[in-house]
Structures are given as structure tokens and as C-alpha cells.
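Trainee: Here it is, the structure, as C-alpha cells.
Values in this text are rule-based calculations from the coordinates and carry no lab data. Here the structure is a predicted model, which means the values were calculated and not measured. Positions of Cβ are generated from backbone atoms using ideal geometry, with glycine treated the same way; all protein chains shown enter the neighbour counts.
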Amino acid sequence: MKIKERLIRCFAAVFSEREEKTIPFLEVGNTKEWDSLAFVMLMNVVQQEFSIEIPIGELEQMNSFEKFLQKVELLVKEVEK
Amino acid sequence: MPDSLLEALEIIKQYSQNDETNVFRCGFFCGSTPLSLKSMVHANLCVALKDRRVELSEGMYGDLLGSLLRELTEGVSLDCIIVVIEWEDLDPRLGLRAQAGWLSPYEDMLSSFRSKCALFLRYLKALAERMPVVVSLPSLPLLPLHFSVRRQANDWKAGIKKEIALFAMELVAVSTIRMLDVDILSEEASFFDRYSAESDLAYGFPYTLDFAIIFARHLAALAVPPRPLKGIIVDLDDTLWKGILGEDGAEGVTWDLEHGSHMHGVFQLFLQSLAKTGVLIAVASKNDPVRVEELFKKRSMLLERNAFFPLMAGWEVKSHSVQKILLMWNVHADAVAFVDDSPLEVEEVRKGVPELRCFLFPKQKPGAILKLIFELRDLFGKEFVSHEDALRLESIKHGAEITEQLASSEEGYEDFLREIKPKLTLFNQAGVFDKRAFELINKTNQFNMNGLRCSEHEWKTVVERESGFVFVASYEDKFGPLGKIAVIAGHCDKKRFVVTHWVMSCRAFGRRIEYCMLAFLFKKLSIEKVCFHYIPTDRNGPFKEFLTTLECSEKNSWDIQRDIFMERAPILYHDVEEEI
């Protein structure tokens with residue numbers, strides 16, 4: 001499974017009310033349930049799913065699915081190196 | 001059970017579609033942010049409760065005691081409540097987030113710790129009067145607040161441990177409190193693998209994700225304990241003893257230190273201890289039955305001969321012997337374990353009886369045998385041992401005789417039933433919570449009218465219902481007592497009795513107890529009709545058969561009239577008594 005598909009699965013698990021097709025477009029601004037707890041939950045799910053560690057300080061900038069995807073792809077590459 | 005947070009969230013989502021009329025309500029209280037721990041507990045409960053919807057409520061962050069107090073004063077009754085207490089809930093100075101602990105006087109911390117334990121105890125006991133409570137005492141490492149090196153014990157830490165031990169002793173003494181033995185967590189996670197300082201400081205969630213997964217599994221298993229297995233079938237050669245009876249002879253097989261076979265003796269003692277708690281033990285061995293019986297006569301074993309039934313020694317395929325044993329016990333394969341030292345036999349039995357839990361006995365490996373015993377203890381462990389547990393084996397032996405009589409001739413069976421002098425005592429238990437009745441409701445499969453399981457809270461609602469009736473039946477005959485073996489509950493509605501719950505232990509089959517209970521109800525309640533809330537399940541064929549004998553079917557809405565019952569019921573020889 002590609003990184004994007006796996007990340008969609010993570011987001012779908014945390015934002016369980018959202019349809020899967022809408023997930024790539026999720027941003028903090030357009031997702032009312034994306035609060036601080038959802039942030040932490042997302043981070044935990046993603047870190048475990050991809051066996052990566054997201055620096056806590058960077059979490060605030062990861063405010064959309066797209067940004068999450070970019071960060072995860074980068075971290076996965078680093079781990080593979 | 002879920003192994004990752006992602007899996008847990010997906011399970012929660014999947015089970016949230018379950019029937020909203022059948023909800024298990026659980027309170028989850030901890031002083032930290034519940035986050036992944038709560039999700040993991042939620043998912044584990046969903047899996048354990050299968051077709052029920054699970055709803056988890058939570059308390060206020062940072063105020064565990066206040067949350068418990070609010071639950072006590074304002075909360076609705078729940079099916080269960082899980083309370084996770086960590087060091088900082090007992091004194092904030094013991095947590096990393098507060099900086100005051102490093103310079104505080106030890107005696108002051110100890111005394112405040114003591115008073116907080118007392119307060120928690122008071123609230124937990126009060127909650128336990130209303131619902132089952134699962135409690136976990138501190139599972140995380142204690143900060144090195146004392147000036148001494150950690151390897152050297154000091155009066156402050158010893159004092160804290162003493163207070164925790166006293167607190168724990170008070171908690172375990174309450175029957176509706178199930179306390180997690182945090183020692184079990186050490187098998188899977190060392191102290192430092194449990195705590196995440198990063199997560200604690202950033203989000204107020206002190207656990208590592210890996211530890212939360214383990215911790216949640218244990219908490220959920222205490223909230224909804226898996227049903228203990230009922231029986232164990234064991235091999236003889238190189239399992240119950242070291243050696244091959246056919247080759248080494250009765251004097252050549254051993255189970256002691258002297259012959260390097262000590263662990264076989266330990267296994268015998270373990271089985272004997274299981275037998276004492278009502279676990280059924282049988283032997284399935286490829287052996288000469290005469291030689292086996294001779295050995296039991298000649299040698300004094302640690303596992304007594306009368307502790308097991310039946311002893312199937314012979315040369316047939318092992319899975320066939322196992323199936324015969326299950327038939328004699330009248331127990332489903334998924335409630336039974338099988339232990340044999342031969343990988344071939346274990347595989348054959350596993351294929352022949354797939355639902356059986358099969359274990360290879362690791363002969364010559366004491367550590368591995370001990371590990372197997374630990375595993376088996378968890379599968380057979382019980383919350384309490386009832387009077388009926390002590391009667392189980394004897395009643396099954398006599399049940400086998402009854403089945404034999406039943407198979408011989410109808411006339412002979414009538415004589416037999418009359419001669420055994422059956423006596424049925426019915427206890428009117430409306431308004432009374434009887435632990436045995438609750439146990440029967442939740443573990444009986446075959447003679448179970450609808451397969452409905454109840455939480456303690458739900459069962460209390462049934463027994464306390466206005467216009468409701470609950471009768472618990474206790475049986476004995478000339479072979480001895482079976483103890484409390486059946487429960488029927490329902491409510492009266494004009495001249496009819498609506499049965500909502502009816503279960504009877506399979507040990508009591510073939511004695512016409514079910515007819516006798518119904519006859520008693522018609523008489524006692526002066527009713528004209530009984531309506532059954534019958535729901536077919538995978539296992540309740542015996543109940544359906546009973547209804548068929550009364551020609552009670554979907555056509556007549558599972559109802560039976562008094563006169564029709566009197567006409568169709570068989571002759572009843574029971575001496576019936578009622579006790580209030």
C-alpha cells in the first residue's frame with residue numbers, strides 16, 4: 001500500500017465521520033473535529049503505522065492532510081536510508 | 001484484540017454500528033488525558049462484547065478524585081467503571097509535571113499520600129456498591145525524589161509501598177472491585193518502557209503507546225472477564241509422568257526430583273488444584289487401560305485417580321477419544337484444553353476438533369512447563385469458587401449413568417428416575433442478587449432460552465423489577481446434590497408469565513427439571529399461560545428440543561397454555577419445595 005493510502009486510512013480512523021474521498025482535502029480550518037486531542041491522536045496513529053517519530057515542535061505546522069503527507073514521506077525516506 | 005492504535009480506532013468505528021438498544025456503558029476515569037489508552041480499552045471491550053455497542057464516558061483531566069465524586073453524586077448507573085490511578089493522582093508532587101516534589105519533606109508527602117489513599121478508598125467502595133469497579137494502582141515508575149541511591153531501599157519509598165499495599169488489601173476485599181495486579185505488566189513492559197516523559201509533558205498522556213496497548217488489554221479483560229475454560233484433557237506418558245508405561249512398567253514411570261521428572265509432579269499438582277475449583281479433568285491416552293488402572297492402584301500419585309473422569313485409555317485415534325470425553329462431559333470443545341507431549345497427537349487432535357485449545361507439553365524443559373502452567377492458570381482462573389464447583393465432577397459421573405439408563409429402555413428409565421428420589425428446591429430470589437444465578441446466566445449455552453448475557457448492573461435490574469420473579473433451582477437425588485443448577489426469571493402480566501431468562505446447567509440434563517420448574521410456576525403463580533422470549537442461537541438446541549416436546553413453536557408465538565402443558569409434560573417424580 002502506498003504512503004498516501006496508508007495515511008488516508010489513519011485519517012479515516014481518527015476522523016471517523018468523514019468520508020474517505022474527502023480526506024485528502026482536510027485542513028485544520030475546514031475540519032471542526034480537528035482539535036488538539038485529534039492532533040495528538042493523529043500523531044500517535046501515524047507514528048505507529050509508519051514507525052517514525054514526528055518531532056513535537058513540528059506538529060503545529062502539520063495543519064492539513066497534504067502537509068502531513070509531505071512530512072511522513074520525508075520521515076519514511078529518512079528511516080529507509 | 002487490537003495490536004495498534006489504528007486497528008483500535010477502526011474496531012471502534014466498526015462496532016459503533018451495533019444495535020443501540022444493547023449498549024454496554026462503561027466509565028473510564030484517569031487523572032491524565034485518556035487519549036490512546038481510552039481508545040485501546042474501548043476497542044478491547046468492543047471485541048470482548050462482540051454484538052453489543054460499547055459507550056465509554058470519561059472524567060475531568062487532572063481531577064480523578066473529583067471525577068469519581070461527580071460520578072457518585074450525579075452519575076447514572078453504568079455497567080462497569082474503570083479507574084486508573086497513578087502516583088500523581090495520590091499526590092501531585094509525585095508526578096513529573098509538578099516540580100514541588102523534589103524539595104518537599106518526605107514525611108509530609110507520605111502523610112498526604114496516606115490521606116488521599118483513604119479518600120480514594122471511600123469513593124471506590126461507594127461506587128462498587130452500585131456497579132463493578134476495575135481499579136489499577138500506579139503502574140509507572142516512581143521518580144527518584146529521595147536523596148538515597150535507587151538500589152538502596154529507604155524509609156520514604158518503603159512507606160509509600162506500605163500505604164499502597166494497605167490500600168490494595170482493602171480494595172481486593174470488596175467483591176465488586178477487580179484490581180489489576182500490576183506485576184503482570186512487568187512480563188511485557190519494563191518500567192522505563194511504560195513512561196513517556198515527552199508525551200506526559202506535551203499532552204498530559206504519560207504512557208508510551210506500546211505500553212498503552214498492553215495496559216488496555218488487561219484493564220478491558222478485568223472489566224469483561226473472559227469465561228474460564230471448563231475442562232482439560234491430558235495425555236499420560238511423558239505428560240502426567242515421565243516414561244512410557246507400556247515399556248517402563250508401573251514402577252518405571254516417575255514424577256519426582258530424584259528421577260529428573262519433578263515438573264511432571266508439579267503438573268499433576270496443578271491439575272489437582274484445578275480439580276478442586278471444579279475444573280473437569282480427563283485422560284486421553286494411547287495405553288493399555290488395564291495397566292493404567294493397575295498403576296493408579298499400585299502407585300500413589302499426586303493427582304488422585306478420582307480427580308478425573310473419564311479415563312480413556314486405548315488405541316483409537318486420539319481426536320475420537322477427545323470427542324467421546326466432550327460428549328460425556330456435555331461441554332463444548334471451545335471450553336476445553338488438551339495437553340499432550342507428542343506434536344503429532346497435538347496436530348491430529350487440533351485438526352479433528354478445531355475448537356479445542358491444544359498445547360504441546362514441553363517435556364524435559366522445566367521452564368517451558370512452568371510457562372505452560374502460567375498460561376493454563378489464566379485460562380482456568382476464576383473470580384470465586386462456588387459450592388457447585390465442588391459438586392461438578394460427581395454430578396457429571398452420575399449424569400453419565402443417567403444417560404446410560406436413558407439409552408437402555410424407556411420403561412427402565414421411568415423406574416430409574418423414580419428410584420433416584422429427585423428433589424428440587426426453588427428459591428424465590430426476586431430482589432436478591434445471587435452470584436451463582438448471575439454466573440449461570442452468563443455461562444450456560446445449551447439450555448439457554450435466548451443466549452442473552454447480562455452485566456451485573458443489568459441482572460440487578462432484572463431481579464429488582466417490579467412484578468418480576470426470579471427462581472433459582474437447586475437439585476439433589478440419591479447420588480448427591482447438584483447445587484444450584486437453573487435460573488428462571490420473568491414477569492407476570494395478567495394471567496400469563498413472560499419468561500425473559502431461563503438457563504439450566506448441562507449437568508442437570510435428563511432429570512426433567514425443566515418440566516418440574518414450569519409445573520411449579522403454573523401452580524405457584526396461578527397463571528394460565530407461559531410465554532417464552534425464545535431466540536435460537538448456535539448452541540441452544542437443547543432448549544429448542546424441550547419446546548418441541550411441548551409442541552411449543554413459532555406458530556403459537558412460543559406460548560404454552562396450562563392445560564396443554566399438563567397434557568404433554570412427562571411424569572414428574574420430584575419432591576418440590578420452595579424456600580423464600
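Trainee: Tell me what chain A gives for mean residue ellipticity at 222 nm when only DSSP H runs of n ≥ 4 count, each as -39,500 (n - 2.57), the sum divided by the residue total, rounded to 500 deg cm²/dmol. Numbers along the way, then the final one.
Mentor: Working: 3 runs with 43 residues, N = 81.
Only helices count here, giving -17000 deg cm²/dmol.
Trainee: Would you list which lysines come within 22 Å of residue B:116, measuring only between C-alpha atoms, while excluding same-chain residues fewer than 8 positions from it?
Mentor: B:125, B:157, B:161, B:162
Trainee: Which angle from 0 to 90°, rounded to the nearest 10, does the C-alpha axis of helix B:155-172 make with the longest principal axis of chain B?
Mentor: On a 0 to 90 degree scale, this one is about 30.
Trainee: What angle do you read, to the nearest 10 degrees and between 0 and 90, between the alpha-carbon axis of helix B:35-49 and the longest principal axis of chain B?
Mentor: 0 degrees
Trainee: What is the mean number of Cβ atoms from other protein chains located within 10 Å of the Cβ atom of each residue in peptide B:195-205, rounded to a whole number?
Mentor: Working: counts 0, 0, 0, 3, 4, 0, 1, 5, 8, 1, 4.
Going residue by residue through B:195-205 and averaging, the value is 2.
Trainee: To continue, here is another question. Excluding residues on the same chain fewer than 8 positions from residue B:298, give the aspartates and glutamates whose Cα lies under 16 Å from its Cα.
Mentor: Partners within reach: B:248, B:251, B:288.
Trainee: Using the Cα gyration tensor of chain B, with a ≥ b ≥ c the square roots of its eigenvalues, what is the shape: rounded (a/c below 1.5), prolate (a/b larger than b/c) or oblate (neither)?
Mentor: Cα axes put chain B in the oblate bin.
Trainee: List the relative contact order of the stretch B:5-223 as a percent without decimals, with contacts defined as Cα pairs under 8 Å and 6+ residues apart.
Mentor: Result for the stretch B:5-223 is 24 percent.
Trainee: Check each of the chymotrypsin sites (Phe, Trp or Tyr not before Pro) in the stretch B:366-399 and keep only those in coil by DSSP with at most 15 other C-beta atoms within 10 angstrom; list them in order. List each step's numbers first, then the result.
Mentor: Numbers: sites: B:374, B:380, B:384; in loops: B:384.
Here the chymotrypsin sites (Phe, Trp or Tyr not before Pro) that fit, given the DSSP loop and packing criteria, are B:384.
Trainee: Continuing with the same structure: Can you tell me the alpha carbon radius of gyration of the stretch B:409-579 divided by the globular rule-of-thumb value 2.2 N^0.38 Å? List each step's numbers first, then the result.
Mentor: Working: Rg = 15.2 Å, N = 171, 2.2 N^0.38 = 15.5 Å.
Ratio of Rg to 2.2 N^0.38 Å for the stretch B:409-579: 0.98.
Trainee: Additional query: Would you please classify the overall shape of the stretch B:231-274 from the alpha carbon gyration tensor, given that a ≥ b ≥ c denote the square roots of the eigenvalues, rounded means a/c under 1.5, and beyond that prolate means a/b larger than b/c while oblate covers the rest?
Mentor: The shape class here is oblate.
Trainee: Ignoring the sites themselves, what is the longest stretch of chain B with no GluC sites (Glu not before Pro) in a DSSP loop and at most 14 other beta-carbon atoms within 10 Å?
Mentor: Here the longest segment lacking exposed loop sites spans B:130-250.
Trainee: Any idea how far the Cα center of the stretch B:104-135 sits from the one of the stretch B:179-257, in Å?
Mentor: Spelled out, the Cα-based centre of one part sits 29 Å from the other.
Trainee: Suppose each label sits 7 Å from its Cα in the direction of the beta carbon; what would the residue A:2-residue B:350 distance come out to in nanometres?
Mentor: 4.0 nm
Trainee: Still on this structure, I have one more. Would you calculate the separation in nanometres between label points at residue A:66 and residue B:112, each defined as 7 Å from the Cα along the Cα-to-beta-carbon direction?
Mentor: Rounded to a tenth, the inter-label distance reads 5.1 nm.
Trainee: Per residue of A:35-46, what is the mean number of Cβ atoms on other protein chains within 10 angstrom of that residue's Cβ?
Mentor: For this peptide, the per-residue mean of nearby foreign Cβ atoms is 4.
Trainee: Hey, what do the phi angles of the stretch B:50-64 turn into as Karplus ³J(HN,Hα) couplings, whole Hz, using 6.51/-1.76/1.60 and θ = phi - 60°, x for Gly and Pro?
Mentor: Residue by residue, the stretch B:50-64 yields 6, 8, 9, 7, 10, 10, 10, 9, 9, x, 8, 5, x, 9, 5 Hz.
Trainee: A further question on this structure: For the stretch B:231-380, what class follows from the C-alpha gyration tensor (a ≥ b ≥ c being the square roots of its eigenvalues): rounded when a/c is under 1.5, otherwise prolate if a/b is larger than b/c, else oblate?
Mentor: rounded
Trainee: Report for the stretch B:231-380 the percent antiparallel among DSSP-assigned beta bridges with both residues inside it, nearest 5.
Mentor: If we restrict to bridges inside the stretch B:231-380, about 5 percent are antiparallel.
Trainee: Please identify the trypsin sites (Lys or Arg not before Pro) of the stretch B:481-539 that satisfy two criteria: DSSP loop assignment and at most 16 other Cβ atoms within 10 Å. Which are they?
Mentor: B:494, B:495, B:539
Trainee: Among B:475, B:229, B:447, which residue has its Cα furthest toward the positive end of the charge dipole of chain B, with +1 on Lys/Arg Cβ and -1 on Asp/Glu Cβ?
Mentor: B:475
Trainee: What FRET efficiency comes out for residue A:58 versus residue B:155 if R0 is 45 angstrom and r is the Cβ-Cβ distance? Round to the nearest 0.05.
Mentor: 0.50
Trainee: If you put +1 on each Lys and Arg Cβ and -1 on each Asp and Glu Cβ, how big is the dipole of the stretch B:411-531 around its Cα centre, in Debye rounded to 20?
Mentor: Result for the stretch B:411-531 is approximately 140 debye, rounded to the nearest 20.
Trainee: Related question: In whole angstrom, note down how far apart the Cα centers of the stretch B:297-357 and the stretch B:464-486 are.
Mentor: 31 Å
Trainee: Give, rounded to the nearest 20 debye, the magnitude of the charge dipole that the protein assembly as shown has about its Cα centre when Lys and Arg contribute +1 at Cβ and Asp and Glu contribute -1 at Cβ.
Mentor: On the way: 80 positive and 100 negative charges, 142 e Å.
That gives the protein assembly as shown a dipole magnitude of about 680 debye.
Trainee: Against the longest alpha carbon principal axis of chain B, how many degrees, from 0 to 90 and to the nearest 10, is the axis of helix B:343-352 turned?
Mentor: Approximately 70 degrees, to the nearest 10.
Trainee: Have a look at the DSSP beta bridges in chain B and tell me what percent are antiparallel, nearest 5.
Mentor: Restricted to chain B, the bridges split so that about 40 percent are antiparallel.
Trainee: Right, another one. Magnitude of the Cβ-charge dipole of chain B, K/R +1 and D/E -1, about the Cα centre, nearest 20 debye?
Mentor: 780 debye
Trainee: If I model a spin label as a point 7 Å beyond the Cα along the Cα-Cβ vector, how far apart are those points for residue B:122 and residue B:379 in nm?
Mentor: The two pseudo-label positions are separated by 4.6 nm.
Trainee: Putting +1 on Lys and Arg Cβ atoms and -1 on Asp and Glu Cβ atoms, find which of B:45, B:69, B:219 reaches farthest to the positive end of the dipole of the stretch B:5-223.
Mentor: B:69
Trainee: Let me ask something additional. For a 20 Å ceiling on Cα separation, which of these pairs sit above it: B:382/B:478; B:435/B:460; B:423/B:484?
Mentor: Too far apart for the 20 Å limit: B:382/B:478.
Trainee: Provide the FRET efficiency to the nearest 0.05 for the residue B:19-residue B:360 pair, computing r from the beta carbons and using R0 = 41 Å.
Mentor: Once rounded, the FRET efficiency stands at 0.50.
Trainee: Taking DSSP loops as anything outside H, G, I, E and B, show the longest stretch in chain A free of GluC sites (Glu not before Pro) there with at most 12 other beta carbons within 10 Å.
Mentor: Counting only loop sites that pass the neighbour cut-off, the longest clear stretch is A:54-81.
Trainee: Considering the dipole of chain A built from charges on the beta carbon (Lys and Arg +1, Asp and Glu -1) around the Cα centre, which of A:70, A:47, A:57 is farthest to its positive end?
Mentor: A:70
Trainee: To the nearest 0.05, how large is the calculated FRET efficiency for residue A:81 and residue A:37 if R₀ is 30 Å and r is the Cβ-Cβ distance?
Mentor: 0.35
Trainee: Right, here's the next one. Tally the DSSP beta bridges in the protein assembly as shown and give the antiparallel ones as a percent, rounded to 5.
Mentor: Restricted to the protein assembly as shown, the bridges split so that about 40 percent are antiparallel.
Trainee: How far, in nm, would the chain grow between residue B:557 and residue B:434 when pulled straight, counting 0.36 nm per residue and subtracting the alpha carbon separation?
Mentor: 41.2 nm
Trainee: Please give every one of the lysines within straight-line cross-link reach of residue B:363, meaning a C-alpha to C-alpha distance under 21 Å, and leave out same-chain neighbours fewer than 8 residues apart.
Mentor: B:242, B:286, B:318, B:371
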